[in-house]
1. Cβ-Cβ distance below 8 Å, separation of 6 or more or different chains: which pairs start in region B:84-95 with a residue that is within 12 Å of B:GLY35 (Cα to Cα) and end on one that is open to solvent by less than 20 Å² (accessible area, probe 1.4 Å) and part of a helix (DSSP H, G or I)?
2. Would you mind finding the one in A:VAL150, A:VAL127 that is of a type outside the set (Ser, Thr, Tyr) and modelled with pLDDT under 90?
3. In this structure, is B:LEU4 under 30 Å from B:ARG144 (Cβ atoms) and assigned to a helix (DSSP H, G or I)?
4. Across region B:168-198, which residue is nearest to the chain's Cα centre (by Cα) among those that are more than 7 Å from chain A (Cβ to nearest Cβ) and within 16 Å of A:ILE213 (Cα to Cα)?
5. Tally the residues that are assigned to a helix (DSSP H, G or I) and at the interface with chain B (Cβ under 8 Å from one of its Cβ atoms), restricting the search to region A:179-194.
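The values are calculated or read from the model by the stated rules, or taken from the named source; none is laboratory data. Everything quoted here is computed from the prediction, not taken from an experiment. Heads up, the Cβs are rebuilt from the backbone with ideal geometry, glycines too, and the neighbour counts pull from every protein chain shown. For the accessible areas, the whole protein counts, side chains as well, though only heavy atoms, and no ligand, DNA or RNA atoms are used. Shrake-Rupley method; radii C 1.70, N 1.55, O 1.52, S 1.80 Å.
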Amino acid sequence: MPSNLEDIVPNPAPLALIELVPASRVFYATPNSADAETELRTGDTLMNTKDIVYIALFAALTAALGLMPPISFAGLGLPPITAQSLGVMLAGAVLGAKRGGLALLLFIVLVAVGLPLLAGGRGGFGVLLGTSGGFLLAWPVCAFIIGYLVHKNADANIWVTGGLIAFGGILVMYTIGIPWMAFVGNLGLNKALGIMVAYVPGDLVKVVLATVIARGLRRAYPNL
Amino acid sequence: MLDLYTPGTSILHRMTPGPKMAALAIGATALFLQGSLLITAVAIAFILSLYAVARIPLKTALNQIRPLFWIFALFFAVQWYFSGIELAVYVVLRLAALILLASLVTLTTRSSDMIDSLTRALVFLKPLGLNPEKISLAISLALRFIPVLGRITAEVREAQKVRGLERSVIAVAMPVAIRAIKMADEISDAIESRGYRS
């Protein structure tokens, strides 16, 4: 019974053949060593394939949430309540700061280039420059902050996680979005603030959903 | 590709996305820096004449601002009440000009061209460690994932309907999220096994 590789393959010819293939064309069998090799060779430790796919997935998730019918109130006088900011909270809480922020950045880029991915089939530069543009541009920032806070306190209980998601998904978003709305609409901060109070209940529901789903996903995939 | 582009052959359609984006940025900034009602009105007239150059019917142009009609009405009412009618007209016209200008870029540029230009422009970021090819991969994956997520949701909803749970948000959202992550893992393995280098 041969005990090592040389006994089974006495002729080293196949190995010599491999050396004819440039080192950069050799692929490694296991995904992990392939990652490590690629990162070593290109000096690119920024993102591996899985990160890119996750980023694309959560950008798509935010877009898909826009397909749910938006709830309009006040006679359509205001931007409708949509499920899309749930995508912001989930991307941050599930993917973490860097990947979550990039997922929403990707989403905003897709909207900016003219794809109708916002709730109600809106898209294009007009929306980003309009009154609710500040909220949209805040999304990557919010996802980043939520991701940073939630992952830093990964062992926190459900209330703390929920609080952190609410901080990033409501407080930070309004802090960026409301002054923008006040500026673009020439409204004055107090009036813009008054309008936005109507959105808090809906956003709180989304915080609860995001907290439960993110914790469930973390349990199902501990090293996401 | 699903997109807001309106086909045409005008000079605005044939321009590359880069200059159009630059013009939009300058135009939008200029609109905010000036404070005169007259200039804003002239700007609107000029932007509408650009729609004529692009041979985009006025109806399409108005469709761009129609979803915002109620916001305009609200802002108009608030401004009129607090600051007088002149400022109210100015604010609403400025907003309309901004949205018409931005929509013109969107209407005359294919999303795919815009993504191509963007990817090319990002080559300059390569020394910073950002790889444009990764960005194109992420863009095409995201666009492909949208209908897939819709399909997964429909399937899960069907399955939960059997259990009488189709109205429970968590009972639907949780399996959708887990299946989506599982799919993402499989796809990233498939991409790597075909020799894609991240």
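1. These pairs meet every condition: B:LEU87/B:GLN79; B:TYR90/B:THR40; B:VAL91/B:PHE75; B:VAL91/B:GLN79; B:LEU93/B:THR40; B:ARG94/B:LEU31; B:ARG94/B:THR40.
2. Numbers: A:VAL150 fails: modelled with pLDDT under 90.
Being of a type outside the set (Ser, Thr, Tyr) and modelled with pLDDT under 90 holds for just one of A:VAL150, A:VAL127, which is A:VAL127.
3. So B:LEU4 fails the test.
4. B:VAL176
5. Initially, region A:179-194 is screened for residues assigned to a helix (DSSP H, G or I), giving A:179-184, A:189-194.
Filter again for at the interface with chain B (Cβ under 8 Å from one of its Cβ atoms), leaving A:184, A:191.
The qualifying residues number 2.
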